Amino acid sequence: MRRPAGAGDPVFRHSGYAELQDRARQVLDPAVFDFFAGGSGDESTLAANPAAWGRVALRPHVLRDVSSVDTRVRVLGRELPAPVCVAPMGYQVLAHPGGEVATARGARRAGALLTVSSRSSRRI
């Protein structure tokens, strides 16, 4: 398994769906990339993903007072610092030796909610 290029870099930037997919193709074993990039059934959701990423946009509001912005939200009775949740992803050890454990640690450090896949590489 190759170490992802830039994994230790202080800044990792991307410009969109295609760039993320190209980067994954560069750093993952081809069979692992095919597993993660593939879809199920007729792959209709897989075909719709690039368009969905293209519809996500941030509307900047410039020259506004942001000194008292509060991004906290309550989810399942727990307060989170921001409305960020990590979706369930299975077999993460194929992409990184730490797999789901590393993702859980990162989510905890970020204060994000983590959901666990039924196809996790590790037991809960």
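Quick notes on this structure:
- Residues that are open to solvent by 60 Å² or more (accessible area, probe 1.4 Å) and either under 29 Å from Gln21 (Cα atoms) or among the β-branched types (Val, Ile, Thr) (or both), drawn from the range 65-80: Val66, Val69, Thr71
- Selection from the range 15-45 of residues that are exposed (fewer than 10 other Cβ atoms within 10 Å of the Cβ) and in a loop (DSSP other than H, G, I, E, B): Ser15, Gly38, Ser40, Gly41, Asp42
- Within the set Val27, Val93, Val86, Val73, the sole residue that is touching a Pro at 6+ places or on another chain (Cβ under 7 Å) and closer than 25 Å to Ser120 by Cβ turns out to be Val27.
- In this structure, Leu113 qualifies as within 25 Å of Tyr17 (Cα to Cα) and within 14 Å of the chain's Cα centre (by Cα).
- Filter result for Val93 (closer than 21 Å to Arg105 by Cα, among the β-branched types (Val, Ile, Thr) and either touching a Lys or Arg at 6+ places or on another chain (Cβ under 7 Å) or modelled with pLDDT of 85 or more (or both)): yes
- Top-ranked residue in the range 82-111 [being part of a loop (DSSP other than H, G, I, E, B) and among the aliphatic types (A, V, I, L, M); ranked as surrounded by the fewest Cβ atoms within 10 Å (Cβ to Cβ)]: Ala87
- Residue check, Pro60 open to solvent by 100 Å² or more (accessible area, probe 1.4 Å), out of contact with any helix residue (DSSP H, G or I) (no Cβ under 7 Å at 6 or more places or on another chain), in a loop (DSSP other than H, G, I, E, B) and in contact (Cβ under 8 Å) with a residue 12 or more places away in the chain: no
- The lone exception for Trp53 - which of (1) loosely packed, with under 12 Cβ neighbours inside 10 Å; (2) of a type outside the set (Gly, Ala, Ser); (3) not in a loop (DSSP other than H, G, I, E, B) it fails: (1)
- Flag if Ala48 is open to solvent by less than 100 Å² (accessible area, probe 1.4 Å) and outside any helix (DSSP H, G or I): no
- Residue in the range 42-65 that is under 22 Å from Ser120 (Cβ atoms) and at pLDDT 85 or above present: yes
The values are calculated or read from the model by the stated rules, or taken from the named source; none is laboratory data. Since the structure is predicted, the reported quantities are computational estimates derived from the model, not experimental observations. Please note: Cβ atoms are built from the backbone with ideal geometry, for glycine as well, and neighbour counts cover all protein chains shown. Surface areas here come from the heavy atoms of the whole protein model, side chains and all, with no ligands, DNA or RNA. Shrake-Rupley method; radii C 1.70, N 1.55, O 1.52, S 1.80 Å.
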